[in-house]
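The values are calculated or read from the model by the stated rules, or taken from the named source; none is laboratory data. These numbers come from a predicted model, not from an experiment. Ideal geometry is used to build each Cβ from the backbone, glycine not excepted, and the neighbour counts take in all protein chains shown.
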Amino acid sequence: MQTAGVATTSWQERLSPELFGLRAGAIWIASLVLFSVTGGALLRAAEPVEAVLTEEKPRVPNIVLFFADDLGYADLGCFGGAAGVTPNLDRMASEGIRFTDFHVSQAVCSASRSSLLTGCYSNRVSIQGALGPGSKTGLALSEDTIAELLKRSGYATAIYGKWHLGDDPGLLPAAQGFDDYFGLPYSNDMWPFHPTAKNFPELPLIDGTDVKIKAVTPEDQKNLTRWYTEHAVDFIDKHADSPFFVYVPHSMPHVPIYASKDFEGKTGKGLHADVIAEIDWSVGTILKKLSDEGLDDNTLVIFTSDNGPWLSYGPHAGSAGPLREGKGTSWEGGTRVPFVARWPGKIPAGKTCDALTGTIDLLPTLVQLVGGQLPERKIDGKDIGDLLFAKKMDWDEPRTYYYYWIGELQAVRQGDWKLHFPHTYRTVAGEVKEPGQPAPYREEKIELALYNLAEDLGEKENVASKNPEMVRKLELQAEVMRNELGDSLTGKMPAAARAAAMVKKKKD
Ligand SMILES: [Ca+2]
């Protein structure tokens, strides 16, 4: 296992000569010579160094990571959605790779984000559900995030969008490795205009660690997608000559959905499609900026979502296509999300990968890609670089994956086989009375149920009684994780979970 490094050296020094070192070394020697002959005229010495540096772009990749909120499996054209709504994402897929069996750890905002940024099942880092305003918990500062690990490799880092891993000032992105932040601290529906919950305080918009807007208005919400995009473009502009990591967790299309003036009514397919079209515009605008800066073939761009569609919102929710159910469940419609990655010259064009993968895999993949050091403590994700670059199309052995909902281990997967343990889940039980209002949910129960997703993607036919050996095998696999991260369905306490951050009570 690799150990965590104390990163005091610059990324140029830490990288291999093939990547940058030879060039950087030559510049460094040249500046030393200049410095000595001019007797300390540092400013004069710096000029030619700057000129040489800008001649050639650094060769470790920049990384842009889009993370849409509640965007469903079938909300993009390239995943079976309506034609013409997502031309930029469809182009990105045709120039790169789609992953069709890519999952979040839990189908809800905060838990999902904790996994993306730490490479762990959310139960390992003890982040559950969707944290509310003034939450007493957040992601522990002792966890290594993707941003912190890339920063140690010399990356400039930024987040433009929704954070949702603790809104206490000490738990905001600046404390988790992000140099810059502009966005909402939690979900855009946690505000006084919520259709059913009436106790939410004013929704702030944060710039760095300061409150930029004290009470976000509906007019402000219309601008969120555009504002996040403009900040990302500015950041790329400022850091075009050094490696950067830009994380764009869009607030949309989480309800309440809003599009800017330019996009309202644009698709002719309803407001939800307009909102998706504006997110697609955001992707296209950032891709254009990368191209304008000559960074196209040196930037890995990834697009995915934090969980499936919030189906009770009817016309304001997206679609999970052929998958069962949506957000808030362990059915495929909750956890399986679209995933598109593009890196011209590195990722072959027009590929599709159906290997079982997930957001937990991004941290180890990205950190190893840039020659960084993995966290010292255990993570759950695997490096999927060979799958991403289409060097292989599947795992050598069927992978085991765990579907938790809060503390319940609701299902376990190995290869195409998915076993649900008896549990309750929510399903829509009525009509939406008016757009923006949710329909009611009712609780349903599922007994022990085995599905073969290769033959039954919609999880309709329980084949447990026909495959007792597979049921037994998956039950044994489940027991392995119960012993580590616990399972409230069977009363098993977590043995290897790490604590979340606890906000200290302020003195009056
Ligand atoms: Ca979400």
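Structure data summary
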| read-out | value |
| --- | --- |
| Scan of region 311-330 for residues that are within 13 Å of the ligand (Cβ to nearest atom), over 23 Å from Leu362 (Cβ atoms) and small (Gly, Ala, Ser), ordered by number | Ala317 |
| Residue in region 86-96 that is farthest from the ligand (Cβ to nearest atom), counting only those that are of a type outside the set (Gly, Ala, Ser) and surrounded by 24 or more Cβ atoms within 10 Å (Cβ to Cβ) | Met92 |
| Yes/no for Ser112 being crowded, with 24+ Cβ neighbours inside 10 Å, more than 21 Å from Val246 (Cα to Cα) and within 14 Å of the ligand (Cβ to nearest atom) | no |
| So Thr304, is it within 16 Å of the ligand (Cβ to nearest atom) and either over 28 Å from Leu387 (Cα atoms) or not in a loop (DSSP other than H, G, I, E, B) (or both) | yes |
| Odd one out for Trp281 among (1) within 19 Å of the chain's Cα centre (by Cα); (2) within 22 Å of Thr217 (Cα to Cα); (3) of a type outside the set (Gly, Ala, Ser) | (2) |
| In region 172-192, the residues that are of a type in the set (Asp, Glu) and within 16 Å of the ligand (Cβ to nearest atom) | Asp189 |
| Checking Thr157 against (1) crowded, with 24+ Cβ neighbours inside 10 Å; (2) in contact with a helix residue (DSSP H, G or I) (Cβ under 8 Å, 6 or more places away or on another chain); (3) more than 21 Å from Gln373 (Cβ to Cβ), the condition it does not meet | (3) |
| Subset of region 302-325 that is aliphatic (A, V, I, L, M) and in contact with a helix residue (DSSP H, G or I) (Cβ under 7 Å, 6 or more places away or on another chain) - its residue that is nearest to Asp234 (Cα to Cα) | Ala317 |
| Some residue of region 193-208 being touching a Leu at 6+ places or on another chain (Cβ under 6 Å), outside the structural domain of Lys433 (by TED's automatic domain parsing) and within 16 Å of the ligand (Cβ to nearest atom) | no |
| Residues (in a helix (DSSP H, G or I) and of a type in the set (Val, Ile, Thr)) located in region 134-157 | Ile146 |
| Condition met for Pro169 (away from the ligand (no atom under 16 Å from the Cβ) and either surrounded by 15 or more Cβ atoms within 10 Å (Cβ to Cβ) or closer than 19 Å to Val248 by Cβ (or both)) | no |
| Condition met for Lys266 (away from the ligand (no atom under 16 Å from the Cβ), modelled with pLDDT of 95 or more and outside the structural domain of Phe421 (by TED's automatic domain parsing)) | yes |
| Failed criterion for Gly129 (all others in (1) surrounded by fewer than 24 Cβ atoms within 10 Å (Cβ to Cβ); (2) more than 13 Å from the ligand (Cβ to nearest atom) hold) | (2) |
| Index of the failed condition, Gly430 passing every other in (1) surrounded by fewer than 17 Cβ atoms within 10 Å (Cβ to Cβ); (2) touching a helix residue (DSSP H, G or I) at 6+ places or on another chain (Cβ under 7 Å) | (2) |
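Yes/no matrix, rows are residues, columns are (1) part of a loop (DSSP other than H, G, I, E, B); (2) within 16 Å of the ligand (Cβ to nearest atom):
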| residue | (1), (2) |
| --- | --- |
| His250 | yes, yes |
| Pro253 | yes, yes |
| His272 | no, yes |
| Ile276 | no, yes |
| Thr285 | no, no |
| Lys288 | no, no |
| Leu300 | no, no |
| Pro309 | yes, yes |
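Condition check ((1) among the β-branched types (Val, Ile, Thr); (2) surrounded by fewer than 24 Cβ atoms within 10 Å (Cβ to Cβ)) across all residues:
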{"residue": "Gly334", "(1), (2)": "no, no"}
{"residue": "Val337", "(1), (2)": "yes, no"}
{"residue": "Val340", "(1), (2)": "yes, no"}
{"residue": "Pro344", "(1), (2)": "no, yes"}
